[in-house]
1. Kindly indicate which of 105, 37 is within 22 Å of residue 19 (Cα to Cα), of a type in the set (Gly, Ala, Ser) and without any contact (Cβ under 8 Å) to a residue 24 or more places away in the chain.
2. For segment 75-100, how many residues are in a strand (DSSP E or B) and open to solvent by less than 10 Å² (accessible area, probe 1.4 Å)?
3. Which one of these is under 13 Å from the mean Cα position of the chain (by Cα) and open to solvent by 80 Å² or more (accessible area, probe 1.4 Å): 109, 68, 128?
4. Show the residue pairs meeting these rules: Cβ distance below 9 Å; 6+ apart or different chains; first residue within segment 11-26 and basic (Lys, Arg) and assigned to a loop (DSSP other than H, G, I, E, B); second residue open to solvent by less than 30 Å² (accessible area, probe 1.4 Å) and modelled with pLDDT of 60 or more.
5. Could we say that residue 117 is over 14 Å from the mean Cα position of the chain (by Cα) and charged (D, E, K, R) here?
6. Looking only at residues that are open to solvent by less than 30 Å² (accessible area, probe 1.4 Å) and part of a loop (DSSP other than H, G, I, E, B) in segment 36-60, which one is farthest from residue 114 (Cα to Cα)?
7. Does segment 61-74 hold any residues that are assigned to a loop (DSSP other than H, G, I, E, B) and not acidic (Asp, Glu), and which are they?
Amino acid sequence: MTTISNEEKEVPKEKVDKEKKCGIIMPIADTNGYPKGHWTDVLNILCEAMNKTMFQPQLVSEDDAIGLIHDRIVTNIYNNEIVICDVSSKNPNVMFEIGMRYSFGKPALVIAEEGTRLPFDVIDENTLFYIN
């Protein structure tokens, strides 16, 4: 994984705008071909990096609102100021959710594990590759 140097300062908690969310789209369960806990590790690294910014990291499936999970996911995909999406495993839900984000004309940062063969629908997007 790409790491951030210790010299970079964390944004003071009082300066973080809790209204600005960085949605995270990624698998949340263990996946064949990846070590147990891989996605938890990726999520922790993304959250650690986002905590050094003015954005609050949050899985798009998480929300305080009560209601159907699908409604929360679509609402967050639309409303989050930025979204980070890990397409490494080509998880169908992940690919569907990044497709929705693009259909809304909203910005997204696509990431993938180095060596991932990107599917045709994201191959033209700028992708940040990380080393596991």
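1. After ruling out the rest, the residue left standing is 105.
2. Count: 3.
3. 128
4. From residues that are basic (Lys, Arg) and assigned to a loop (DSSP other than H, G, I, E, B), the pairs are 20/80.
5. In short, yes.
6. Restricting to residues being open to solvent by less than 30 Å² (accessible area, probe 1.4 Å) and part of a loop (DSSP other than H, G, I, E, B), the top hit is 60.
7. 61, 65, 66, 67, 68
The values are calculated or read from the model by the stated rules, or taken from the named source; none is laboratory data. Just so we're clear, the structure is a prediction, and the values are computed from it rather than from any experiment. When we count neighbours, we look across all protein chains shown, and the Cβ atoms used for this are built from the backbone with ideal geometry, even at glycine. Accessible surface is based on the protein model in full, side chains and every heavy atom, while ligands, DNA and RNA are left aside. Shrake-Rupley method; radii C 1.70, N 1.55, O 1.52, S 1.80 Å.
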